[in-house]
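The block underneath contains the structure these notes are about, expressed in structure tokens.
Just so it is clear, none of the values below were taken in a lab; they were calculated from the coordinates. Fair warning: this is a prediction, and the values are worked out from it, not measured in the lab. Positions of Cβ are generated from backbone atoms using ideal geometry, with glycine treated the same way; all protein chains shown enter the neighbour counts.
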Amino acid sequence: MEDVLRPFVPAYYGVVEKDSEQFIQMEDLLTGLRSPCIMDCKMGTRTYLEEELAKSRLKLNTRKDLYLKMNKVDPNAPTEAEHRQGGVTKLRYMQWRETMSSTATLGFRIEGITMDNGVVHKDFKQTKSREQILETLVRFTDGETGILESYLQRLRAIKEALLQSPFFQSHELIGSSLLFIHQRQGPVNIWMIDFGKTTGLPEGQSLRHDLAWEEGNREDGYLLGLENLLGLFSEALSRQAAQSAPPTGQDLGGAEGGCEQGGERG
Ligand code: I3P
């Protein structure tokens, strides 16, 4: 609450006790919204902590539930040994999820979307290419250029704050999400959420967040993901703007992608 990231995270109201259990009390990001569209993007190129890696090397216990989830998406994904065992380790599952989706290549993945009619979409485990993501962003925003533009502005503001944030510099953010929320003719917002696996670095150490992970460097790739999100929102906006621009009677062949990436990725 004292960091420059404060405007981008739900407000924290302290700890409350109920039935002798302790809870943290937080702002409800959906207050006042009647039919919001919501998208959760899990940030970073890595979704497990380095300590989970070490633990999983020590005890290679396999999990049936993760094997079943993996097998459901792609029966060819488990190895013969994993099929025989009917189990995979958590690390194996998490790494598979990273490479099946856009996490490993783009530094973020779409986890789920709720549309304004309440329908929940969770089938994004194999959404990996830029094209698949662009199509999803257009469907999520209904191709509305105003909404895409507002999201783009908010992403730029988040990036600026992150680059100045002492909290961001000194923490490894794993499994943290950006939550996109908009409502037709209503507010458009993005929030940083899910800090359950956000851990502080030893005093005096910091992270860049845009470097490749090597075991020991704790880099999470958060900024790589943010940069790609900026590029993709920018591209979606250019496409939609080109489509909705009134015809001029001249050859519009070069309109699509004319200002592709909008300079966000350089
Ligand atoms: C889950 C997802 C979660 C992870 C969970 C996985 O897979 O990767 O991030 O929780 O582990 O099952 P999926 O998205 O395919 O359903 P953590 O980030 O807390 O590790 P879990 O089953 O051990 O809770």
In terms of the charge dipole of the stretch 21-166, which places +1 on Lys and Arg and -1 on Asp and Glu at the beta carbon, the residue among L137, L29, N61 farthest towards the positive end is N61
When only alpha-carbon atoms count, how far does the chain stretch along each of its three principal axes, as whole angstroms with the largest first? 68, 48, 39
Neighbour-count ranking for I24, I193, I147 (other C-beta within 10 angstrom, fewest to most) reads I24, I193, I147
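Given N residues in the stretch 134-177, what is its alpha carbon radius of gyration divided by 2.2 N^0.38 Å?
This ratio for the stretch 134-177 stands at 1.49.
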Set K72/K197; K90/K122; K18/K72; K18/K125; K18/K64; K72/K159 screened for pairs whose C-alpha atoms are more than 32 Å apart: K18/K72; K18/K125; K18/K64; K72/K159
How do T145, T47 line up, fewest other C-beta atoms within 10 Å first? T145, T47
Value of [θ]222 nm, deg cm²/dmol, for the chain, DSSP H segments ≥ 4, -39500 (n - 2.57) each, nearest 500: -11000 deg cm²/dmol
If we count other beta carbons within 10 Å of each Cβ, what is the order of V119, V188, V4, fewest first? V119, V4, V188
Work out the charge dipole of the chain with +1 on the Cβ of Lys and Arg and -1 on the Cβ of Asp and Glu about the Cα centre, then indicate which of I147, H83, L173 is farthest towards its positive end. H83
Just to check I understand the Karplus step: with θ = phi - 60° and J = 6.51 cos²θ - 1.76 cosθ + 1.60, what whole-Hz values come out for the stretch 29-38, glycine and proline as x? 5, 9, 3, x, 9, 7, 9, x, 9, 10
Under the rule a/c < 1.5 gives rounded, and otherwise a/b versus b/c splits prolate from oblate, where does the stretch 1-154 land using the Cα gyration tensor? oblate
